[in-house]
Amino acid sequence: MILELKKLSKSFGSIKVLKNINLKIDNNECVGIIGPNGAGKSTLFNVIAGHLKHDIGDVIYKNININNKSNEQRARFGIVQSFQKNSMFPEMTVLESIMLAISHRLNITFQLFTNLNSNIRILNEAFEIIKNIGLDKYSNSRSDALSYGLQRQLEIGIAIACSPTLLLLDEPTAGMSPLETKNIIRLIKNLSKNYTIVIVEHDMEVIYNLAHRIYVLDRGKIIFNGESEEIKNSKLVQDKYLGIENV
Amino acid sequence: MDYMEDKMKAVNYNPRLRLHLFIVLVVSALISIFFGGYFTRFFIAEIAILSIFAMSLDFLAARGGLVSLGHAMFLGIGAYSTTIFILNLGISPFIATILSLLIGCFIGLLISYFIVVLNGIFFIMVTLALGEMFHAWVFTSELLGGSDGISGIIRPDISFMGIDMNDPFIFAIYSLLWMSLIYFILSRITDSPLGRNLDALRQNHMRLSAIGGYAKVYKIIAFTISSGVASIAGSLYVQLNGFISPELTHWTVSGEGLIMIIVGGIGSISGAILGASVVYILQHELSNFISWWMLIVGLLFILVVLFMQDGLWGLIEKLRLRLLKGKNKI
C-alpha cells in the first residue's frame with residue numbers, strides 16, 4: 001500500500017468539509033474520486049498534497065505518518081499534484097518548465113554556478129518527457145502561449161518530470177474539447193502503467209476509462225467504493241450522484 | 001503577491017543578448033575612460049558603482065519577485081562598515097570591501113528570514129520602514145558622524161605595484177572590474193538551477209511548492225545575495241568619494257535604483273547597467289542646463305512604464321529581432 005487515510009476530518013470554520021475519511025491506495029493503482037460539486041474532492045486532494053492541514057486523523061504514506069510534513073516535503077517524497085486550474089510558469093518555455101521540474105527530482109536546486117539549460121543529461125530527459133506528453137512540437141513555445149488543452153498536458157508533464165510515486169490529477173479533462181479529452185485519456189492510460197494515480201474527475205466516461213477503483217464522495221463522506229461496474233450498478237451512487245449528473 | 005506580479009510581467013531572460021549588451025557597455029565605458037578627462041573618469045566610476053547597486057535590486061526584483069524600497073540601507077551598511085574598518089580599525093580598503101560584503105550578507109540573511117514571507121505591497125512597506133529606521137539611526141548617531149557624515153576615507157593602496165589608486169583612471173578601471181565581476185556572478189546564478197527556480201518562484205510560487213521547491217529558502221538566498229551586492233556598491237562609493245553622508249541611505253536612493261532597472265529592463269542584468277547609465281547621464285546632463293530636470297526624468301520614467309514595460313532592453317530585443325527578420329528576407 002502506498003497511501004492510507006485514517007479517520008481524516010477537515011473543517012472550514014463550522015462547515016465540516018471532510019468527515020471521517022478512510023481510504024487506501026495500492027501501488028500502481030489508478031483510483032478515481034467522484035462526487036457532486038462541494039463534496040470535498042479538491043479539499044481531499046489538497047490535504048493529501050499538504051496544501052491544507054487536516055484537523056483529525058492520519059495521512060500515512062509508504063507506512064510513514066506524514067501529518068506534519070509540508071507540501072514541499074511531500075512533493076519531495078513523491079506526492080505530486082496537478083491543479084484543477086492550469087498552474088504553470090507562464091514566462092518559461094515548455095522545455096524550461098520540464099527541466100526545472102527535473103532539477104527538483106535530481107535535488108540540484110541549490111546549485112549556484114552550473115547552467116541548468118545547458119545540462120545535456122537533463123535536456124535529453126526533458127525532451128523524452130515532452131515527447132511522452134505529446135508536446136514535442138511546442139518545446140520552445142512559452143507556456144502561456146499554449147492552448148488550454150496543451151497547457152493541461154504540460155501540467156501533467158511538469159508533475160511526471162518530478163518522477164512521482166503518487167500522482168494526484170485534479171480534473172485533468174475539465175474544459176477540454178472531445179479531441180483533447182481523448183488525448184489526455186491516452187496520456188494518463190500510458191502513465192498508469194508506471195505510476196500510482198489518483199484522479200478527481202466529473203466526466204464519468206473518463207473515470208470508467210481510467211480508474212481501477214472508484215471512491216464516491218458526498219458531503220465530505222465516502223459513501224461507496226468499488227470497481228466501475230459496481231459503481232454503475234449501485235443504487236446509492238445512482239441516487240446520490242449519477243442520477244443528479246444525468247438530469 | 002498578485003498586485004506585484006501584475007506589475008512585474010516584464011521580466012527579461014536572454015543570456016546571449018545579456019552578454020552582448022554587457023560587452024557593448026563595458027567597451028563604451030573603456031573608451032570613455034581612455035579618452036575622457038578627469039571628470040569623465042570619475043563619472044564612469046560613479047556609474048559603475050551605481051550599476052552594481054542597480055544589479056542588486058534587479059536580481060531581487062526579477063529573480064525573487066521582491067521589490068525593496070529600503071535597499072539603500074545595504075548601500076549604507078557597506079559604506080559605513082567600510083568607513084569604520086578603514087578609519088577606526090586600520091584595515092586595508094580592499095579587505096574592508098570584502099568584510100562589508102560579508103556583513104551585508106549576514107544582515108540581509110537575518111532580516112530576510114523574517115520578512116520574505118510578506119508579499120507585494122507589504123514587503124515593499126516593511127523594507128521602506130527598515131530603510132527609514134536605518135536612515136534615522138545613522139542621521140543621529142555620533143559614532144557614524146550624524147548628519148555631517150564622515151570624511152577621510154582612503155582607497156586601496158597598491159603603490160608597491162607602481163599603481164596609484166587615487167588616479168581617477170585607475171579607480172574607474174577598478175570600479176569597472178568590480179562591476180564586471182558582479183555581473184558574471186549574478187549571470188551565473190541566474191542561469192543556475194537556483195536562478196531558474198527563483199525565476200519560477202516569481203512566476204508561480206504555488207506551482208513551485210507543489211513540485212518540491214522551498215519558496216522561503218529561495219527568497220532568503222536571493223535577498224542575502226542582493227544585500228551583499230548592494231553592500232559592495234556602498235563600500236566602493238565611499239572609497240570613490242572619500243566621504244559618507246546619511247543621504248546615501250535615504251529611501252529615495254532605492255527609488256532611483258528601481259527607476260534605473262525599470263528604464264533598463266527588469267531581469268536582464270545588463271539592462272540594469274544600461275538603465276543606471278542612461279538615468280545617471282540624463283540626470284547629470286539635464287541638471288547642467290535646466291533646474292527642472294527631475295520633471296523630464298519623471299516624464300521619461302512614466303513613458304517607459306506606460307509604453308515600454310521591457311525597458312530599453314525590450315527595445316533592443318525588438319530591434320534585434322527586426323534586423324534578424326530583415327536578414328532572413330534577404
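Step by step: first the residues of the range A:89-109, then only those that are at the interface with chain B (Cβ under 8 Å from one of its Cβ atoms) and β-branched (Val, Ile, Thr), then the one that is surrounded by the most Cβ atoms within 10 Å (Cβ to Cβ). Which residue is that?
The extreme case among them is A:THR109.
Taking the condition of being within 19 Å of A:LYS240 (Cα to Cα) and free of Cβ contacts under 8 Å to residues at least 12 places away in the same chain, how many residues in the range A:1-37 meet it? I'd like the intermediate steps shown before the answer.
Step one: filter the range A:1-37 for residues within 19 Å of A:LYS240 (Cα to Cα), giving A:16-21, A:32-37.
This time we only want the ones that are free of Cβ contacts under 8 Å to residues at least 12 places away in the same chain, so: A:37.
Selection size over the range A:1-37: 1.
Mind telling me which of the residues A:ASN124, A:ASN115, A:ASN86, A:ASN63 ends up being more than 14 Å from chain B (Cβ to nearest Cβ) and at negative phi?
Numbers: A:ASN115 fails: more than 14 Å from chain B (Cβ to nearest Cβ); A:ASN86 fails: more than 14 Å from chain B (Cβ to nearest Cβ); A:ASN63 fails: at negative phi.
Result of the check over A:ASN124, A:ASN115, A:ASN86, A:ASN63: A:ASN124.
Are any of the residues in the range A:128-136 within 14 Å of chain B (Cβ to nearest Cβ), more than 19 Å from A:CYS30 (Cβ to Cβ) and not in a strand (DSSP E or B)? Steps first, please.
Going residue by residue through the range A:128-136, those that are within 14 Å of chain B (Cβ to nearest Cβ) are A:129.
Among the residues that remain, those that are also more than 19 Å from A:CYS30 (Cβ to Cβ) are: A:129.
Next cut, not in a strand (DSSP E or B) only: A:129.
Yes, that holds for at least one residue.
When the range B:284-303 is examined, which residues are found to be surrounded by 16 or more Cβ atoms within 10 Å (Cβ to Cβ) and within 19 Å of the chain's Cα centre (by Cα)?
Result: B:VAL297, B:PHE301.
Note down all Cβ pairs under 8 Å where the first residue falls in the range A:106-125 and is more than 14 Å from B:ASP191 (Cα to Cα), the second is among the aromatic types (Phe, Trp, Tyr) and open to solvent by 60 Å² or more (accessible area, probe 1.4 Å), and they're at least six residues apart or on different chains.
none
Quick one: what pairs do we get from the range B:177-194, first residue closer than 16 Å to B:LEU236 by Cβ and more than 10 Å from chain A (Cβ to nearest Cβ), second hydrophobic (A, V, I, L, M, F, W, C) and open to solvent by 20 Å² or more (accessible area, probe 1.4 Å), C-beta under 7 Å, 6+ apart or different chains?
As it stands, the answer is B:SER180/B:VAL26, since those pairs meet every condition given.
Could you grab me the full set of residues in the range A:164-191 that are within 21 Å of A:LEU100 (Cβ to Cβ) and buried (at least 18 other Cβ atoms within 10 Å of the Cβ)?
The first filter runs over the range A:164-191 and keeps only residues within 21 Å of A:LEU100 (Cβ to Cβ), leaving A:164-170, A:172, A:187, A:191.
Residues satisfying the conditions are A:PRO164, A:LEU166, A:LEU167, A:LEU168, A:LEU169, A:ASP170, A:PRO172, A:LEU187, A:LEU191.
Return the total of residues in the range A:12-41 being among the small types (Gly, Ala, Ser) and in contact with a strand residue (DSSP E or B) (Cβ under 6 Å, 6 or more places away or on another chain).
Here is the first cut: in the range A:12-41, the ones among the small types (Gly, Ala, Ser) are A:13-14, A:32, A:35, A:38-40.
Adding the requirement that they be in contact with a strand residue (DSSP E or B) (Cβ under 6 Å, 6 or more places away or on another chain) leaves A:32, A:35, A:39-40.
Number satisfying all stated conditions: 4.
Output the helices (runs of 4 or more DSSP H) that fall wholly within the range B:258-330 and possess 3 or more residues being without any contact (Cβ under 8 Å) to a residue 40 or more places away in the chain and closer than 21 Å to B:LEU50 by Cα, or say none. Full working, then the answer.
Values: elements: B:270-289, B:293-307, B:311-329.
Answer list for the range B:258-330: B:270-289, B:293-307.
Determine which single condition B:LEU30 fails, assuming it passes every other condition in (1) at pLDDT 95 or above; (2) surrounded by 19 or more Cβ atoms within 10 Å (Cβ to Cβ).
Among (1) at pLDDT 95 or above; (2) surrounded by 19 or more Cβ atoms within 10 Å (Cβ to Cβ), the lone unmet condition for B:LEU30 is (2).
Tell me, please, whether a residue that is among the aromatic types (Phe, Trp, Tyr), open to solvent by 10 Å² or more (accessible area, probe 1.4 Å) and more than 14 Å from every other protein chain (Cβ to nearest Cβ) can be found in the range B:208-226. Spell out the reasoning first.
Filtering the range B:208-226 for residues among the aromatic types (Phe, Trp, Tyr) gives B:214, B:218, B:223.
Next cut, open to solvent by 10 Å² or more (accessible area, probe 1.4 Å) only: B:214.
Adding the requirement that they be more than 14 Å from every other protein chain (Cβ to nearest Cβ) leaves none.
No, the range B:208-226 has no match at all.
Has the range B:202-212 got at least one residue that is under 23 Å from the mean Cα position of the chain (by Cα) and farther than 26 Å from B:SER32 by Cα? Can you show your working first?
Residues of the range B:202-212 under 23 Å from the mean Cα position of the chain (by Cα): B:202-203.
Still in the list and also farther than 26 Å from B:SER32 by Cα: B:202-203.
The answer is yes, given that some residue of the range B:202-212 is under 23 Å from the mean Cα position of the chain (by Cα) and farther than 26 Å from B:SER32 by Cα.
Among the residues of the range B:46-80, which ones are in a loop (DSSP other than H, G, I, E, B), among the aliphatic types (A, V, I, L, M) and open to solvent by less than 10 Å² (accessible area, probe 1.4 Å)?
We begin by selecting, within the range B:46-80, every residue in a loop (DSSP other than H, G, I, E, B); these are B:64-71.
Cutting the leftovers down to among the aliphatic types (A, V, I, L, M) gives us B:66-67, B:69.
Selection gives B:LEU66 alone.
Scan the range B:198-206 and tell me whether some residue there is among the hydrophobic types (A, V, I, L, M, F, W, C), surrounded by fewer than 23 Cβ atoms within 10 Å (Cβ to Cβ) and within 14 Å of chain A (Cβ to nearest Cβ). Please lay out each step first, then the result.
Taking the range B:198-206 and keeping what is among the hydrophobic types (A, V, I, L, M, F, W, C), we get B:198, B:200-201, B:206.
When the remaining residues are screened for being surrounded by fewer than 23 Cβ atoms within 10 Å (Cβ to Cβ), the result is B:206.
Filter once more, keeping what is within 14 Å of chain A (Cβ to nearest Cβ): B:206.
Yes, the range B:198-206 contains a residue that is among the hydrophobic types (A, V, I, L, M, F, W, C), surrounded by fewer than 23 Cβ atoms within 10 Å (Cβ to Cβ) and within 14 Å of chain A (Cβ to nearest Cβ).
I'd like to verify a number: residues in the range B:81-99 that are assigned to a helix (DSSP H, G or I) and over 18 Å from B:SER151 (Cβ atoms), how many? Lay out the reasoning, then the answer.
The initial filter retains those residues of the range B:81-99 that are assigned to a helix (DSSP H, G or I), namely B:81-88, B:93-99.
Checking the rest, the ones that are also over 18 Å from B:SER151 (Cβ atoms) come to B:94-95, B:97-99.
Selection size over the range B:81-99: 5.
When you check A:ASP203 against the structure, is it surrounded by fewer than 21 Cβ atoms within 10 Å (Cβ to Cβ) and touching a helix residue (DSSP H, G or I) at 6+ places or on another chain (Cβ under 6 Å), yes or no?
Details: surrounded by fewer than 21 Cβ atoms within 10 Å (Cβ to Cβ): yes; touching a helix residue (DSSP H, G or I) at 6+ places or on another chain (Cβ under 6 Å): no.
It is false that A:ASP203 is surrounded by fewer than 21 Cβ atoms within 10 Å (Cβ to Cβ) and touching a helix residue (DSSP H, G or I) at 6+ places or on another chain (Cβ under 6 Å).
The values are calculated or read from the model by the stated rules, or taken from the named source; none is laboratory data. If you're wondering where the values come from, they're calculated on a predicted model, not measured in any experiment. Virtual Cβ from ideal backbone geometry, glycine too; neighbours counted across all protein chains shown. The protein model used for the area step is the full one, side chains on, heavy atoms only, and it has no ligands, DNA or RNA in it. Shrake-Rupley method; radii C 1.70, N 1.55, O 1.52, S 1.80 Å.
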